[in-house]
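Report on the structure given below.
The values are calculated or read from the model by the stated rules, or taken from the named source; none is laboratory data. Nothing here was measured: the structure is a model prediction, and the numbers come from that model. Glycine gets a Cβ as well: all are built from the backbone with ideal geometry, and neighbour counts include every protein chain shown. The protein model used for the area step is the full one, side chains on, heavy atoms only, and it has no ligands, DNA or RNA in it. Shrake-Rupley method; radii C 1.70, N 1.55, O 1.52, S 1.80 Å.
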Amino acid sequence: MTSTIGSDCSSVMPAGVMPKLPVTMDTKGRVRSSKEQRRVILAEFERSGVSAAQFAQRSGVKYSTFAAWVQRYRRTKRPSLKPPVRLLEAVVAPAPLIPALQVQLPGGARLEIREASQVALVAALVRALEKPC
């Protein structure tokens, strides 16, 4: 039986293997990296296509540290989509009080009109009430 896999497949890395990332560890085991090293790591993360948690685990960086790096990187990479808040002072004059026209109807009903557009309706109502039943 012959294999169909060519020799050009050596550039593909297995899923669990990550390239050596440029970070240094201090005596307490904490990851120390310069801004340039973080840029290289974040660029590799962008190319990898894996989740941040998987990338952090595979690269040996704590997820909380890596997530903070990604958040800062993305915040500086793309500008804020929200426009800045602009405040404007507005002064609203109180509406002038329009005297109400009150129509007292027989039987104790009272009708109050505050807009000129209602006058025609009240006139039609009074005419309708004048007609004998």
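A few notes on this one:
- Heavy atoms of THR76 accessible to a 1.4 Å probe, total area in Å² rounded to 10: 120
- Taking every protein chain into account, the 1.4 Å probe leaves VAL92 with about 130 Å² of accessible area, to the nearest ten.
- Percent carbon-and-sulfur accessible area, the range 43-124, ignoring ligands, DNA and RNA, probe 1.4 Å: 59
- Projecting the Cα positions of GLY107, LEU129, PRO83 onto the charge dipole of the range 29-133 (unit charges on Cβ atoms of Lys, Arg, Asp and Glu, taken about the Cα centre) puts PRO83 furthest along the positive direction.
- Computed over the range 30-133, the ratio Rg/Rh where both radii use C-alpha atoms and Rh is Kirkwood: 1.71
- For the range 36-44, the Karplus equation 6.51 cos²θ - 1.76 cosθ + 1.60, evaluated at θ = phi - 60°, returns couplings of 5, 4, 5, 4, 5, 5, 5, 5, 5 Hz by residue, with Gly and Pro reported as x.
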